[in-house]
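Asks: Can you keep this structure in mind? I'll have questions shortly.
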Amino acid sequence: MILFSDDLFVRETIHSTIQELKGFTWKIFELIGMKLEEITTRDRQALATFCFGALKMINQSEKYNQPQVHAIAIEVLLHIFKYSEQQAIVFAEELIVSAVNNRAEEMNGIINKGIKGYYQYVERADEDLRCNVIEILERVAI
């Protein structure tokens with residue numbers, strides 16, 4: 001894991017966030033009945049963007065600084081979505097820029113759906129979450 005801070009509490013909180021995002025992602029794959037290895041590159045990118053929306057939602061309460069959000073995003077892209085290190089670094093930057101500057105309309109729309117999806121996950125609204133994810137996958141397939 002990337003070392004984020006010398007502060008034990010901050011490191012534990014970040015680790016907890018990464019574990020939460022893993023659980024969120026595993027739930028998504030369970031609900032759509034697929035594994036990472038079975039989806040297209042486009043779908044993988046869409047789901048990673050969706051999960052970044054969940055990170056954005058979590059950050060509203062945790063108040064991570066920008067380098068910490070960037071590091072968490074890279075960890076998720078590397079270890080959950082199996083991006084290469086270079087791909088993860090570049091994609092994490094794209095996600096952050098898009099979220100901050102409201103650029104890349106399609107990407108921002110998926111991030112916002114991920115925010116809603118995280119709320120659905122927390123509320124255990126599995127069918128709503130499944131429909132939300134399926135809608136994203138159908139949108140990017142067009």
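The values are calculated or read from the model by the stated rules, or taken from the named source; none is laboratory data. As the structure is a computational prediction, the values presented were derived from the model and not from experiment. Note that each Cβ is placed from the backbone with ideal geometry, even for glycine, and that neighbours are counted across all protein chains shown. Areas reflect the complete protein model, heavy atoms only, side chains present, ligands, DNA and RNA absent. Shrake-Rupley method; radii C 1.70, N 1.55, O 1.52, S 1.80 Å.
Asks: Taking segment 100-128, which residues are more than 16 Å from the chain's Cα centre (by Cα) and either within 19 Å of A73 (Cα to Cα) or open to solvent by less than 20 Å² (accessible area, probe 1.4 Å) (or both)?
Replies: Hits for segment 100-128 are N101, N102, R103, A104.
Asks: Name the pairs: first residue in segment 13-33 and without any contact (Cβ under 8 Å) to a residue 40 or more places away in the chain, second residue assigned to a helix (DSSP H, G or I), Cβ to Cβ under 7 Å, at least 6 apart or on different chains?
Replies: E20/I58; F29/L36
Asks: Only one residue in I72, I28 is farther than 20 Å from C131 by Cα and not small (G, A, S), so which one is that?
Replies: I72
Asks: Regarding segment 40-57, can at least one residue be identified that is modelled with pLDDT under 85 and small (G, A, S)?
Replies: no
Asks: Is it the case, given these coordinates, that I80 is over 18 Å from E30 (Cβ atoms), β-branched (V, I, T) and under 14 Å from the mean Cα position of the chain (by Cα)?
Replies: No.
Asks: List the helices (runs of 4 or more DSSP H) inside segment 1-91, counting only whole elements, that have at least 1 residues being open to solvent by 70 Å² or more (accessible area, probe 1.4 Å) and among the aliphatic types (A, V, I, L, M).
Replies: Fully inside segment 1-91 and qualifying: 8-32.
Asks: Moving on. Need the failing condition index for V97 against (1) surrounded by 17 or more Cβ atoms within 10 Å (Cβ to Cβ); (2) part of a helix (DSSP H, G or I); (3) of a type in the set (A, V, I, L, M, F, W, C), just the number.
Replies: For V97, the failing item is (1).
Asks: Could you list, ordered by first residue, the pairs with Cβ atoms under 7 Å in which the first is in segment 129-142 and open to solvent by 20 Å² or more (accessible area, probe 1.4 Å) and the second is assigned to a helix (DSSP H, G or I) and not β-branched (V, I, T), at least 6 apart or interchain?
Replies: R130/L31; L137/D43; L137/A46
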